[in-house]
Structure formats: structure tokens, C-alpha cells
Amino acid sequence: MPDSPPPIRVLICEDQALVRAGYVTIFSAQSDMEVVGEAADGRSAVEAARRLRPDVIVMDIRMPVVDGIEATRQLAGPDATVPAKILVVTTFNVDEYVYEALRAGASGFLLKDAPPAELVNGVRTIARGEALLAPAVTRTLIGHYAEHLRPADRSRSAREDLVRALTRRELEVLEQIAAGLSNAEIAVKLSIASETVKTYVSRILMKLHLRDRVQAVVLAYRVGLVSGTD
């Protein structure tokens, strides 16, 4: 009988003690997970992550000392030697900085009121090396904050470079990814097989030198390929 895979090692970074305790209870109850540490501020989160090397970091955005965005940038940004896998868990009505956290290198996000099963599935998804973009949340969040998601580097040349790099079909797939559609939804919308969509997504990431689906969404908005008013 094959040996069971090692548990997913989770680091929880959350300044509210009750919320943090809730996460510990949820993840510790899973047979395939182990909570290896906790942090109540961003600086401690960075230090704990570098010391413990967890498989997945569950990161709040609004934390004292160093916020979750900067902590994410230090652990998963372009200067990180081995980028950490980070799941941002945020309060939608308060945090207007999820987009910046994704740009900083987060692998995905969920809302704090997500049911425990969704949180657990989110950690497993990111541990597998996949990005977590809940389609409905993506559509709502990007649409709601569209006017705030227009950084200075949104330029015609950047968009033209992206258009030149991709085929017409790949651009169509990227637009649907940025709209928050899952592979299955894209397959239906474009009348192609789900496996074909998966292939297109892989090609898009490879051609654009992107780590995951989250970065593809960020890039599409950054260069103006899509916008919240489309």
C-alpha cells in the first residue's frame, strides 16, 4: 500500500485572535493538513514563513507593523528566491487592496465569510500549484474596484506587446479568464472542449512568462485588455 503524502503545512497570518483560532481549528481538523505556525502581524508573518517554509500561507491584508500586501510582496514577489504560495483571505467590504496583493504575488483569494469547506479547498488548490480565483468573487471584486485598478503602467505599447504575443483565440481565452470564468465556463462560451481551454491557458502563461492564472488576470487589467466596464 503506497505511503500517504505528507500533510500540507499551513502558516496562518491574521491579527484577530479569534479569527486566527478559527482557522487553526478548521485546518487542524483536516487529515491532510498541519498548522505549523501563526503570526499576528506582517513582519512576524515574513519571519515565520522564512523560518518554517510552509506549503501554503493564509494571509490577511490588514495587519499591523507590515500589512499583508507588503508581506506578500516580500515572500512571493519578483525578488523572492523561492516564491511562497499565499492565499489571501479578506473582508470584501473593507479591503480595497486585493488587486495589489495579487500583483504582489498572491496565488489567490477568498472572502473571510467563505464556508470552512471552501477555505480548506482553497488551501488544497494552492498547495497543488494552482491559482485560486473564485469566478463569482473575481467578477464582483474586479467590477466593483475597476476604477481603482488602473495603474500608471497601463499603456498602449504594453497592450500591443501582449496582443502580438498571443493568437486571436488565446486573447479570447485571456479575456474570459480576466472576466472571472472558470475553464468549464470558457469552454461553453467559446464552444470548445475544457481540455482545449486548459491547453490554451498553459500556452498563455508560458508565452507571457506568468506564474499562474491570477497573474494573467492582473496583467489583462494592467495593460487595459479588459476593464470593469466591459
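Would segment 82-96 turn up any residue that is assigned to a helix (DSSP H, G or I), modelled with pLDDT under 90 and either of a type in the set (Asp, Glu) or buried (at least 21 other Cβ atoms within 10 Å of the Cβ) (or both)?
no
I need the full set of residues from segment 61-85 which are within 18 Å of Asp15 (Cα to Cα) and in contact with a Ser or Thr (Cβ under 6 Å, 6 or more places away or on another chain), in order please.
Ile61
Can we say Leu52 is more than 18 Å from the chain's Cα centre (by Cα), hydrophobic (A, V, I, L, M, F, W, C) and under 14 Å from Lys112 (Cβ atoms)?
Here the answer is no, as Leu52 does not meet what is asked.
Across segment 191-215, what is the total count of residues that are crowded, with 16+ Cβ neighbours inside 10 Å and at pLDDT 80 or above?
Residues in segment 191-215 being crowded, with 16+ Cβ neighbours inside 10 Å and at pLDDT 80 or above: 8 in total.
With the requirement that a residue be part of a helix (DSSP H, G or I), surrounded by fewer than 19 Cβ atoms within 10 Å (Cβ to Cβ) and in contact (Cβ under 8 Å) with a residue 40 or more places away in the chain, what does segment 172-190 give you?
Scanning segment 172-190 gives Glu175, Glu185.
The values are calculated or read from the model by the stated rules, or taken from the named source; none is laboratory data. Computed from a predicted structure; not experimentally measured. Positions of Cβ are backbone-derived with ideal geometry, glycine not excepted, and every protein chain shown enters the neighbour counts.
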